[in-house]
1. Just for region 120-129: of the residues that are assigned to a helix (DSSP H, G or I) and surrounded by fewer than 20 Cβ atoms within 10 Å (Cβ to Cβ), which one is farthest from the chain's Cα centre (by Cα)?
2. Could you look through region 77-109, keep only residues that are more than 12 Å from the chain's Cα centre (by Cα) and of a type in the set (Ser, Thr, Tyr), and pick out the one that is nearest to VAL29 (Cα to Cα)?
3. Which one is nearest to ALA129 (Cα to Cα) among residues in region 99-119 that are assigned to a loop (DSSP other than H, G, I, E, B) and modelled with pLDDT of 95 or more?
4. Scan region 80-98 for residues that are touching a residue at least 24 places away in the same chain (Cβ under 8 Å) and over 17 Å from GLY137 (Cα atoms) and jot them down.
5. Please state which one of ARG92, ARG141 is assigned to a loop (DSSP other than H, G, I, E, B), under 21 Å from ASN55 (Cβ atoms), at pLDDT below 95 and among the basic types (Lys, Arg).
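The values are calculated or read from the model by the stated rules, or taken from the named source; none is laboratory data. Computed from a predicted structure; not experimentally measured. Here the Cβ positions follow ideal geometry from the backbone for every residue, glycine too, while neighbour counts run over all protein chains shown.
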Amino acid sequence: MIRKAIVLLFVLGLAGCDTTVRRSETESVDYGPKPTHWREEIRSYLGIRLTDPKNAIVEFRTEPKTLYQKDTGVRTRQYGWAVCAWVNDKNRSGAYEGFYPMTFFLRNEKIVAVNNGPDDFGVIGAEYAREQCAELGAPFRQQR
């Protein structure tokens with residue numbers, strides 16, 4: 001009995017993480033106009049969050065494209081013009097840590113959500129950023 005309950009909870013947990021998006025969901029939102037100052041907005045965002053923003057390496061891997069992030073048990077619904085960036089910041093010792101992917105959602109020239117940024121490090125944010133960068137056309141491959 002307990003084993004069945006554990007299995008049921010596990011299955012329900014996985015169902016809550018379903019990120020498959022239906023066409024009706026993507027068509028029901030207003031993405032607004034394509035941003036024109038998105039690079040500046042992202043650099044401004046990172047400028048107050050990175051350890052060494054002046055020397056950080058920020059590679060914009062995609063131009064803005066519309067993207068819809070479904071509401072799940074671990075993330076809220078987000079939509080907008082998304083950009084994939086790879087960031088390599090220095091640590092407090094002055095050494096580069098290595099690149100990591102980030103996704104930024106923008107609407108009306110403002111960032112409305114970020115996955116895997118300095119405020120969102122962890123397994124969940126990293127996985128969302130990897131999946132979304134791949135969907136945007138810039139699959140992340142760990143560099144050595």
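1. The residue in question is VAL123.
2. TYR96
3. The extreme case among them is ASN116.
4. Selection gives ASN88, ASP89, LYS90, ASN91, ARG92, GLY94, TYR96, GLY98.
5. Exactly one of ARG92, ARG141 is assigned to a loop (DSSP other than H, G, I, E, B), under 21 Å from ASN55 (Cβ atoms), at pLDDT below 95 and among the basic types (Lys, Arg), namely ARG92.
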